[in-house]
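Visitor: If you scroll down you'll find the structure; I have some questions about it.
The values are calculated or read from the model by the stated rules, or taken from the named source; none is laboratory data. This is a predicted model, so every value here is computed, not measured. Because the Cβ atoms are built from the backbone with ideal geometry, glycine has one as well, and the counts that use them run over all protein chains shown. Ligands, DNA and RNA are excluded from the accessible area calculation, which covers all protein heavy atoms including side chains. Shrake-Rupley method; radii C 1.70, N 1.55, O 1.52, S 1.80 Å.
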Amino acid sequence: MRHLSGRPLTVAGGLLAGLLLAALLLALNVMGVHVDEGPPPRAAAPSSPGAPLTGNQPELSRALLSRTDLGERRTRGPSAPVPTTRAPEPAAPPAAPTPAPAARAERCRLLFDAPWELVPSGHELTDRAVTDLDPTGGTGGGAPALPLAPRLRQTLSLFADDGAAAAYEAIRTSVTDCRTFQTTLEDGTLATVSLHELEVTGDGADGAYAVRITALGEDRTLTGYLAVGRVGPMLSVLRTVGPEGTVESGDADLTLDVAVEKMELLEGLIDSE
């Protein structure tokens, strides 16, 4: 009886191993497994905190008013009046305010001090930009040297969904509910504040509204205005108050027009979804 030598067995074993390897590779290919001999790809670095929600989101600061904007505003002629269904209230000495619930008192105080904070709950604020300017068109950019010196603060907010419309209506509703109220000024004195609606054109805006502010203190009178404009998901709130004679409430219309124009330029670049 002849016995197989070691060499044929070695060859047969190699053939068998080769067939098994080929079958394994074929099975991996069928299952969609890809074998890459190159180095593994590097993981993408996580985005830094506070990064824009979308990679191409433009900065809101591009639509803020500037000193140049306020200077150009004064070269424009007065806007043509737009008919309204409700005429502005005539100027009159503010009546003594009636006692108000704490919630109303707080809302009225916020309307005078920081109306941009009147955002209804349940609406997402995605971005915000703020600037302080001299309402006469001079240099601003910071808190004034005197507590009651005039400054124009613009707060430009970007909302998700219908948040801008909700915030706009919240400010208008608060004005209706706070025609006359008492508040404490920056220097700690008590004052009676009255609000009177102004006519604004609001060309190109989804909403435009302004009121004249009069604050009567014990030994001083402050005047100014609050102007609000909405373009799509953006809301611009303009507020300025200073000693009587330093702020012209008639500037509200032209200033709001410039703010709306700058928002319109930015609107097409904003992804509001």
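Visitor: Looking for something open to solvent by 10 Å² or more (accessible area, probe 1.4 Å), over 23 Å from THR136 (Cα atoms) and either charged (D, E, K, R) or assigned to a strand (DSSP E or B) (or both) - is there at least one such residue anywhere in the range 193-200?
Guide: No, there is no match, as no residue in the range 193-200 is open to solvent by 10 Å² or more (accessible area, probe 1.4 Å), over 23 Å from THR136 (Cα atoms) and either charged (D, E, K, R) or assigned to a strand (DSSP E or B) (or both).
Visitor: When you check SER236 against the structure, is it in contact with a strand residue (DSSP E or B) (Cβ under 6 Å, 6 or more places away or on another chain), hydroxyl-bearing (Ser, Thr, Tyr) and over 25 Å from ARG128 (Cα atoms), yes or no?
Guide: Working: in contact with a strand residue (DSSP E or B) (Cβ under 6 Å, 6 or more places away or on another chain): yes; hydroxyl-bearing (Ser, Thr, Tyr): yes; over 25 Å from ARG128 (Cα atoms): no.
No; evaluated as a whole, the condition is false for this residue.
Visitor: Looking only at the range 177-222, which residues are touching a Gly at 6+ places or on another chain (Cβ under 7 Å) and among the polar types (S, T, N, Q)?
Guide: Of everything in the range 177-222, just one residue is touching a Gly at 6+ places or on another chain (Cβ under 7 Å) and among the polar types (S, T, N, Q), namely THR189.
Visitor: In the range 205-250, which residue that is touching an Asp or Glu at 6+ places or on another chain (Cβ under 6 Å) and of a type outside the set (Lys, Arg) is surrounded by the fewest Cβ atoms within 10 Å (Cβ to Cβ)?
Guide: Step one: filter the range 205-250 for residues touching an Asp or Glu at 6+ places or on another chain (Cβ under 6 Å), giving 211, 221, 223, 230-232.
Filter once more, so that each one left must be of a type outside the set (Lys, Arg): 211, 221, 223, 231-232.
Working: VAL211: 27, THR221: 12, THR223: 20, VAL231: 24, GLY232: 18.
Step by step, filter the range 205-250, then rank; the result is THR221.
Visitor: Let me ask you something else. Please enumerate the residues belonging to the range 176-190 that are over 21 Å from ALA164 (Cα atoms) and either surrounded by fewer than 21 Cβ atoms within 10 Å (Cβ to Cβ) or among the β-branched types (Val, Ile, Thr) (or both).
Guide: The answer is ARG179, THR180, GLN182, THR183, THR184, LEU185, GLU186, ASP187, GLY188, THR189, LEU190.
Visitor: Can you tell me which of (1) more than 28 Å from the chain's Cα centre (by Cα); (2) modelled with pLDDT of 50 or more; (3) of a type outside the set (A, V, I, L, M) is the one GLU124 doesn't meet?
Guide: Condition (1) is where GLU124 drops out.
Visitor: Also: Go through the range 230-254 and report how many residues are modelled with pLDDT of 95 or more and within 14 Å of ASP69 (Cβ to Cβ).
Guide: Here the count works out to 2.
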